[in-house]
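Everything below concerns the one structure shown next.
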Amino acid sequence: MLASLRRILALIRKEILAVLKDPRTRNMMMIQPVLQCVLFGYAATLDLNNAPYAAFDRDRSAASSALLAKLDGSGVFHRIANLTRAADMAPLIDTRRALIVVQIDPNFQRNLSAGRDAPVQVIADGRNSNTAGSALGYVGAVVDSFNSDWRRDHGLPQPPVKVVPRAWYNANLETRWNLIPALVGTITMMSTMMLAALSVAREREEGTFDQLLVTPFTPVEIMAGKAIPAMLIGVVQATNALLVAQLWFRIPFAGSYVTLYVGLILFLLAAVGLGLFVSSIAATMQQAMLYAFVLMMPFSLLSGLTTPISSMPPLIQDFTLINPLRYAIDLVHRVYLEGAGLDRLIPDLWPMAIIAAANLTAAAWMFRNRLE
Amino acid sequence: MAAAAGPVIRGRGLGKTFHRKTGETVQALDEVSFEVAAGSLTALVGPDGGGKTTLIRLVAGLMGLDRGELTVLGVDVGADPQAVQDRIGYMPQKFGLYEDLTVQENLDLYADLHGVPAADRRRQYPQLMEMTALEPFTRRLAGQLSGGMKQKLGLACTLVRAPALLLLDEPTVGVDPLSRRELWDIIDALVRDQGLPVLLSTAYLDEAERCEHVVVLRQGKVLAQGPPAQVRALAAGRTFLTTPPAGQSAREALAGFLDDPAVIDASPDGGRIRIVRDGSPAPPSPGAAVLEPATARFEDGFMMLLQAAAQRGGGVPTPAAEPSPPPPAATASPERREPVVEVRDLVRRFGAFVAVDQISFDVRRGEIFGLLGPNGAGKTTTFRMLCGLLSASGGTLRVAGADLRRGAASARQKIGYVAQKFSLYGQLSVEENLDFFASAYGLHGERRRERIAWAMTQFELGPVAHQLGGQLAGGYTQRLAMAAALLHQPQILFLDEATSGADPLARREFWGRITDLARQGVTIIVTTHFMAEAEYCDRIAILDSGRVLAEGAPAEIRALGRTAANPEPTMEDAFIAVIEQARAGPAPRQAA
Amino acid sequence: MNAPRPQSGRLVAKLRRIRALIGKEGRQVMRDPSSFAIGVILPLMLILLFGYGMSLDVRHTPIGVLRQDPARDAREIEASFRLSPYFRTRSIGSMAEAQELMQSHAVNGVVLIPPDFSRRAAQGDASLQILVDGVDGNTARIIEAYAGAAVAQAGVRRAAEGQGAAASGGQAVVVSQLWFNSANDSRYFLVPGLIVLIITLIGAFMTSMVVAREWERGTFEALFVTPVRVDEILIGKVTPYFLLGLGGLLLCVAAARFLFHVPFRGSIPALMGASMLYLLVSVAGGLLISSGLKSQFLASQVTLVVTFMPALMLSGFIYDLRSVPAPVRLISYLVPARYYVTMLQTLFLAGDVWSVILPNAAVLAVVATVLLALARRATRKTLG
């Protein structure tokens, strides 16, 4: 037992040395996750900021100016042009210079004063339906606020029903709060899986694997010695990403670190198991890398990172049940944003435990058989 | 041969320096001047890292020259490499065959690249196929050919159109004696019949002997050049043969001779010992052995050249007489020692293909046992089964009392293994490699420090302790691999083609160590393509098509090759005779 | 010495060599399982994933309705949520249950209709509480917006029936038009974006791997010492992957058109032209990376980081570049994929808008030229 532990320790030491000694690998492992977090934190947002819009105010009244002023003041929109002709609208949208054009009808103020509804036409560039949808939502909110002001100023009663929204965990509904904790899981999965897959494939390709097999190492010891360093590096990467989330993006951490790391370690075990499984199939490093990459695509796309799982077709929702990343993202969200304790995480923990066990068993079985 | 007036290659004062990433510079070639005459066969020989490959690449226009002038086929290569590349044939050390293309597709590709017209192909292909005996395999993927066949295909690819000059970089490395002979028949025919000038590099000194002109390179400098006879002449009158004292094998007696400072080289030769001495008058030799004068070979002169160069100083010392501990007296005579490796009716199948077919042999403690055989004979498969890397399809095997495949992992504690290409961690330093393998074998604390220190001194790894494994020169890699395999003092050492591609000096050094280990009671199993090395073994077995064709002491095997025409065959003659006999005959035969 | 051959003879010889190299490369692609995986399986998988699996449109979001008022107004509000395709509603009995469902992520939001809702609505100051799980801000926002709309609708209906107090005043009403994508289907922009990913993968990723492989396996060494010129080697490498990329493109266009019914409003020649330019950029990028690194592992990693990730994140394919901070937008100008995405989205959904296509195509043409020239310089017939 002691001898076995010593051997595993030697393998772990060797693996970590091999990763850390090469500056190119070291940078790839340590700096890249931080950069990705920062870059994606800024780029991957569905919130609109300063989106360009054009105004076509055909009323030129106090009311229409007030409405446009509200749009300008929202911080969401940024007026790039005041149009005077209807023909100017199309080119602005076609060339993507404006995301939306707001057209106010000539009788806007008169209609409002007369107690009639006054239409505000909004034309949105639907090439990215998502952005367009967001933009329309924002315009709707601005118009609502305008209506409320108008009623107040003209002594009119407020609408009978008021909607009082309250968002839990992320009061301002910032996409970033959702995305960055999710990246903690995605980035670490990508690199731990690759690391585990490549470390065995490299030994196989360079012939050192045979050398390892003629030493007293048992297959289980080799697997442990390969899995633990990859997990350790995964933990460091996850920590880096968490630091970016807290120190750079200032997303408040609501839960307990112990809980989070317990969950992450289980997740990393599943990811490493997957990597080891890939490496037991692949003959060369190239194959290991390509297979890992091909696997990573559906796992990351169908994890809830970019699109909500609940809006996927049922068949695909079933597939996500075997995706460890799905549970990891949910887990990080719960702990990070909601402050959930271990008892609440059980629905995430047991599937990951099963996936990890299945992957590691399959990898161990493949190892034994590949040695034939 | 119209333009045969001048030399086809003329190099004057060639210099080439490499800058390593670590900042050190390596002088790969220094003031090298040489010529290759039209229609001649020229060989480059010398220790590893001597500059042979660099020189051939310079001639091929693959590298820029730092100093000197080099004209090939009358063209300044540095200025216009393409003009040279259009006309020559070049086979790199690791010939770049496209392994996922078939034999025919590889040939077609090179024919297309050289613009060979269809009419010429119809004439040329059958000739090439006949010459290389690849005809039956034209539809096979190149990656599935044996080592020897790959080399022949590589050669065929360079010959699809008649080149004006042929460059071959170590064409026979890793090739078995049979294929090697076939390759040489092709090369000889090209030079003799077509007057094709050939420049090749080789680690086999008997090959150099067949060339018209030899250039000996060491550390980037030319030590000698001229016809092989000129080098041979250096050792004339200094080469002797002697018979080992009764009860001692040639190998065991060698060490005694090598301790004599006047002896430059001693090697086993057909049951006797070949000795090259320096000029000093022969003192009474140990055991008062009788020294019979012998005809000098190229190898003898070559050893003298290297010895002299090393004495002039500058560079790596030749294998220093290491302060080996006094050998413990052998506990029992070999016959009474117990077998530590027992193989009975071992079979290994890959699908329908039988790679190893019911082989049986024993190896006793302290023996050096050699497995010889052509490429694809099943040596490596047998080896991998012995080491527990592959399971047997049938039969039994016991190594140090256990089947390593099925037994406990701790049984592997008793063996050491050096793979065909020395497999060590390239990203770790020499010291870290040793440290890892020591821990892998369960050494720790004081004991680990002790063994690592032992390995460092024994294998002279001190100077490179902090260098990365991947950046070591060939000789050091082999030593490191040996050191790593010996840290835990195994009872049995497996060496798979450990000397493939090594230069003669490194091979002598290697066998010196093996002899020492055997004396200390370590059992050693080796495979090799150098038939001369088989002489170091106590017993050898020749394998072909997965069966043991012959087994016995070197003298017994040699006797199998005896014919009326060749009363004193070399090991290589015997080897080829045994294989050819078996392949011709209907059933394989089991020799004693 | 060779007699100088006529110009045409030399050209023929050159073309023959190029043809031989292309043929060889093609055979290798067919025979290598990992090339097949990346060149055929991955594109197919991506098409299906993007087409069926991923949707940025929120549908069937689970919400709970806690209705404590049995009156008609309250039931109407609940019914409007229940009938909406956006939600999957379940009734909740108590506040404690609502809390439990929210915490266990069984629902993403809860609509709370208080006991006095209809009574106070009649007086004109009722409130409807919406609790949303803010973790997924996007979904949360949609629930909020929808709730607002449902309430407004109910108000309008009441006004029409002449009961409400709200009928007395007019208000500004948004009338929206979604140009190019009136169905508001996210596939409309995901599928064109997918083409970018696939072309990047085949063009850059595969090319960089196969060139690095030749360096690593030493096959270039023998190839160099033949009459082959560097430009011929490069053309021999570029052409097969260029064609493979075009194959991937056609596959995607066919899938977009016939499987997902994404409209295509531009012209095929414009699409082909734009795609060829971007393919050229990708392949040239792959060539440049691999001739600089000469190692399959590093080449593939660098290619992923330098080409694939930016194509995914910074091209405007998923995340609109008009809403990112200025520094990130500046960085995105360095990403060739961005220009291609712009052209594709325009070609698919808007048509041949030359004022968009031409400038973007010009940028790609310049980048392709520069990258090819650099790759030509970086590839030499020399070793070490």
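Values quoted throughout were computed directly from the atomic coordinates according to the rules given, and no laboratory measurement underlies them. Predicted, not measured: the structure shown is a model, and the values here were computed from it. FYI the Cβ positions are ideal-geometry reconstructions off the backbone, even for glycines, and counts take in every protein chain you see.
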Inset, instruction - Order the peptides A:179-192, C:255-268 from the highest to the lowest mean number of other Cβ atoms within 10 Å of their residues. - result: A:179-192, C:255-268
Inset, instruction - Provide B:353, A:299 in ascending order of the number of other Cβ atoms located within 10 Å of each residue's Cβ, fewest first. - result: B:353, A:299
Inset, instruction - Kindly point out which whole DSSP H helices in chain A project their C-alpha atoms 27 angstrom or further along the helix axis while averaging a Kyte-Doolittle hydropathy of 0.0 or above. - result: A:2-21, A:23-43, A:175-206, A:219-243, A:257-281, A:342-370
Inset, instruction - Have a look at the DSSP beta bridges in the protein assembly as shown and tell me what percent are antiparallel, nearest 5. - result: 45 percent
Inset, instruction - Take the Cβ-Cβ distance between residue A:50 and residue A:322 as r, set R0 to 25 Å, and report the resulting FRET efficiency rounded to the nearest 0.05. - result: 0.05
Legend entry - Simple spin-label estimate for residue C:382 and residue B:120 in nanometres, 7 Å along Cα-Cβ: 2.9 nm
Inset, instruction - Any of B:52/B:94; B:150/B:379; B:150/C:237; A:14/C:294 with alpha carbons more than 23 Å apart? Name them for me. - result: B:150/C:237; A:14/C:294
Inset, instruction - Mind checking which of A:261, B:7, B:151 is farthest towards the positive end of the protein assembly as shown's charge dipole, using Cβ charges of +1 (Lys, Arg) and -1 (Asp, Glu) about the Cα centre? - result: A:261
Inset, instruction - Sort the following peptides by mean Cβ neighbour count (other Cβ atoms within 10 Å, averaged over residues), highest first: C:343-350, B:458-465, C:111-118, B:210-217. - result: C:343-350, B:210-217, C:111-118, B:458-465
Legend entry - Residues A:42, B:417, C:333 arranged by fewest to most Cβ contacts within 10 Å: C:333, A:42, B:417
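Using mean Cβ contacts within 10 Å as the protection proxy, how do A:219-229, B:536-546, B:443-453 order, highest first? Show your work: numbers first, answer last.
On the way: A:219-229: 21.2, B:536-546: 23.9, B:443-453: 14.5.
Answer by packing, highest mean first, reads B:536-546, A:219-229, B:443-453.
Please compute the average number of Cβ atoms from other chains found within 10 Å of each residue's Cβ in peptide B:348-357. Working shown, then result.
On the way: counts 0, 0, 1, 0, 0, 0, 0, 0, 0, 0.
Mean shielding by partner chains, rounded to a whole number: 0.
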Inset, instruction - Quick one: order C:105, B:466 by neighbouring beta-carbon count within 10 Å, fewest to most. - result: B:466, C:105
Legend entry - Per-residue average of Cβ from other chains inside 10 Å of C:306-318: 3
Inset, instruction - Can you list which of the trypsin sites (Lys or Arg not before Pro) found in segment B:1-107 are DSSP loop residues with at most 16 other C-beta atoms within 10 Å? - result: B:20, B:21
Legend entry - Cβ neighbours within 10 Å from other chains - mean over C:211-224: 5
Inset, instruction - Work out the FRET efficiency for residue C:45 and residue A:218 from their Cβ-Cβ distance, taking R0 = 41 Å, and round it to the nearest 0.05. - result: 0.65
Legend entry - Inter-centroid distance (Cα atoms) of segment C:209-287 relative to segment A:214-245, Å: 38 Å
Legend entry - residue B:457/residue B:396 FRET efficiency (R0 30 Å; Cβ-Cβ; nearest 0.05): 0.15
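Rounding to the nearest 20 debye, state how big the charge dipole of chain C is about its Cα centre with +1 on each Lys and Arg Cβ and -1 on each Asp and Glu Cβ. All intermediate terms of the calculation are to be shown ahead of the outcome.
On the way: 36 positive and 23 negative charges, 431 e Å.
Here chain C has a charge dipole of around 2080 debye.
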Inset, instruction - With an 8 Å cut-off on Cα pairs and a minimum separation of 6 or more residues, tell me the relative contact order of segment A:51-153 in percent. - result: 31 percent
